[in-house]
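Written below as C-alpha cells is the structure these notes are about.
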Amino acid sequence: MIPYVLLQMVAVPLVFSVVVFALGGRMGKKVGWVAFASLLYTTVLMVLVGLGLFNGGQQQVSENYVWAPVAGLDFGFLADNLSLPVALVMNIVVATTAVYSMDYMKHRLEVMFGEEKKGQYSLYFINFMLLDAGLIGVALATNLIELYLFVELMLIPSAFMVALFGYTNRERTAIMYFLWNHLGAFIFFAGIILAYIGTKSFEISSLGGLQVGTLAYWAAGLILLGWLVKMAVFGVHMWLPTAHAEHPTSFAPFIVTIVGVGNYVVVRLLVQGMPTVFAPFAFPLMVVALVTMVYGGVLTMVQNDVKYLYAWSTISQNAYSLLGIGSLSLLGVSGGIFYFLNHIIGKTILFCVAGILISQVGTRDMRKMGGLAARMPITATLCVLGSMILSAVPPTGGFQGEWILFAGVFSRGTTGPLGWNFVVAIFGIAATILTVAYTFWPLRRMFFGALPAELAQVREAPLAMTVPLLVLAALSIAIGIYPDLFFKFLYHYASMLPLGGH
C-alpha cells in the first residue's frame with residue numbers, strides 16, 4: 001500500500017497550489033499543465049484505492065492523525081464505498097478543467113486587461129488547486145470540525161475566483177456568493193455544535209450515539225438546512241443563478257460540484273449518521289426537491305443567456321438527487337449519489353461549451369446564434385452529448401442514474417400518509433419532461449438552423465478546450481454501458497444502511 005495515500009490526495013493539491021503560484025508568472029497559461037499533472041497523480045491514487053474496494057479485498061481505507069488531543073480532535077481520512085467514488089469523479093472533473101482553463105483564461109484575461117497578463121495565472125491556479133483540496137477533503141473527512149474547515153476552504157477561494165475573474169458586477173456577485181454560502185456554513189456549524197453537545201465527540205462515526213429527542217432533531221434540522229442553503233433549493237436559491245452565470249466559465253465545474261456535494265454530506269451525516277432522527281425530515285425533503293425541480297426547470301425554459309440557462313438548470317437538476325435521498329430507499333439513496341456524479345459530468349461539459357461559445361463566438365445570447373454546427377462540429381457534438389447526459393438518454397450515465405433513482409423513489413411510493421410518496425414520485429417523473437425541453441431546445445437554437453452572416457468566420461475551439469470535454473463524455477458513456485464502475489460501490493454502501501424499499 002502506498003504510504004499516506006489518503007493524506008496525499010488532499011496534501012498534493014495544497015502543495016501544488018504554492019507551486020503553481022510561484023510558476024504562473026513565468027509559465028503563463030502553461031502552468032495549467034503543472035496543475036493537471038498533480039491532479040492526474042491524485043486521480044491515479046484514487047483509482048488504486050478504488051481497485052482494492054472494487055475487488056472486495058478491502059471494505060475501506062482509513063488514516064488518522066493527531067490534531068488537537070486536548071480538545072479530543074483527530075484529523076482523519078476515510079475512503080469507503082461512498083467517499084471514494086465521489087472523490088474520484090470530482091477529481092477527474094477538476095483535472096480535465098485544468099486543461100480546459102488554459103485557453104479559456106487566456107481569452108478571459110485578454111478581454112479583461114487587453115492583453116494576456118501572465119501573473120494572473122498565478123492567482124487563478126492557486127485558487128483552483130485550493131478548491132480541489134477542499135472538495136476532496138469534504139469527501140474524505142472523518143471529523144465534523146475538519147469537515148467544516150474543508151467547507152470553508154471551498155468557499156474562500158471560490159469567492160476570490162468570482163471577484164477576480166467574473167463578469168458583470170463581479171465584486172458584488174462575489175460578496176453575495178460568499179454571504180449566502182457562509183450563512184449555510186454557519187447554520188451547518190450550529191448543527192455540529194448541537195451534535196457535539198449530545199455525543200461529546202466531533203467524530204462523524206459518533207453521530208449514531210445522538211439520542212432521539214429535541215436536541216437531536218435540532219442538530220439534524222440545522223445540518224440539513226445549512227446544506228440546503230448551499231445547495232440552493234427553492235426558497236434559498238436566490239444567490240445561485242447570478243453567481244453561477246457571472247463567474248469565469250472555467251470555474252463553472254467547481255460551482256456545480258460545490259452545490260452538488262451537499263448530497264454526499266446529507267447521506268454521510270444524516271442518512272448514515274442519524275437515520276432515526278433524520279426519518280421525519282425525509283418526506284418534506286422530497287417535497288422541497290420536487291418544488292425545486294419544477295421551479296428551476298420552468299425558469300430555465302425562459303432564459304436567452306446560455307450561462308443563465310445552465311445556471312438555472314443546476315438548481316433543478318441537483319434536486320433530483322435530493323428526491324432520491326429523501327425516499328430513504330436502497331436504490332433512491334445510492335441512485336441519488338450516482339445521479340449527482342453524472343450530473344457534474346454532464347453540466348461540466350455544457351458549461352464549458354458555453355465558455356467555448358463566449359470565447360469563439362463572442363456572445364452569450366442564444367438569440368444571436370444559430371447554425372454553428374457547420375462551423376464548430378466538435379463543440380456541437382459536445383453540446384449534444386452533455387444534453388443527453390442531463391436528459392438521461394442512453395447510453396450515457398445520466399440514463400442509468402435517473403432510472404435507478406426513480407426506481408428507488410417509486411419503491412417507496414405506496415408508503416407514507418395516504419400514499420403521498422407515490423404522488424411525489426409521479427410528479428417527479430413528469431418533471432423530467434422539462435429537462436428534455438430545456439436541454440435540447442437551446443441546442444437547436446445555438447447549433448442548427450440558419451447561420452447568421454456575422455458568424456460566418458467563427459472557428460472551432462482549440463483542442464485543449466474540446467479534448468478534455470470529450471474525455472468526460474467518454475467517461476459518461478462508459479458508465480452508461482457499465483454502471484458498476486461506480487454504482488457497485490454506492491449500492492454496496494447503501495445496502496449497509498437501514499433503508500427500506502429496493
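Values in this text are rule-based calculations from the coordinates and carry no lab data. Just so it is clear, the model here is predicted, and its values are computed rather than measured. Here the Cβ is made from the backbone with ideal geometry for all residues, glycine too, and neighbour counts use every protein chain on show.
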Between the Cα axis of helix 5-27 and the main Cα principal axis of the chain, the angle (0 to 90°, nearest 10) is 20 degrees
If exposed means chymotrypsin sites (Phe, Trp or Tyr not before Pro) lying in a DSSP loop and surrounded by at most 15 other beta carbons within 10 Å, then the longest stretch of the chain lacking such sites spans residues 5-447
Tilt, helix 144-165 to longest principal axis of the chain (alpha-carbon atoms), in degrees rounded to tens, equals 20 degrees
Region 109-141 scanned against label point 7 Å out from Ile2 along Cα→C-beta; backbone N under 20 Å for 129-141
Summing -39500 (n - 2.57) over every DSSP H run of at least 4 residues in the chain and dividing by its residue count gives a helix-only mean residue ellipticity at 222 nm, to the nearest 500 deg cm²/dmol, of -25000 deg cm²/dmol
Checked region 92-191 against the a/c 1.5 cut and the a/b vs b/c comparison, axes a ≥ b ≥ c from its Cα gyration tensor; verdict oblate
Along region 281-287, Karplus-curve 3J(HN,Hα) (6.51, -1.76, 1.60; θ = phi - 60°) to the nearest Hz, with x for Gly and Pro, reads 7, 5, 5, x, 5, 5, 5
With Cα coordinates, the longest principal axis of the chain makes an angle with the long axis of helix 306-326, in degrees rounded to 10, of 20 degrees
Here the gain from full extension of Gln457 to Val70, 0.36 nm per residue of separation minus their alpha-carbon distance, amounts to 132.7 nm
Fewest to most Cβ atoms within 10 Å: His247, His237 sort as His237, His247
HN-Hα couplings for region 485-496 via Karplus (6.51, -1.76, 1.60; θ = phi - 60°), in whole Hz with x for Gly/Pro, come out as 3, 10, 5, 4, 4, 5, 5, 4, 4, 5, 5, 8
For Ile197, placing the label point 7 angstrom along Cα-to-beta-carbon and taking region 209-239, residues whose amide nitrogen sits under 18 Å are 209-226
Exposure proxy check on Leu48, Leu147, Leu82: fewest-to-most Cβ neighbours within 10 Å is Leu48, Leu147, Leu82
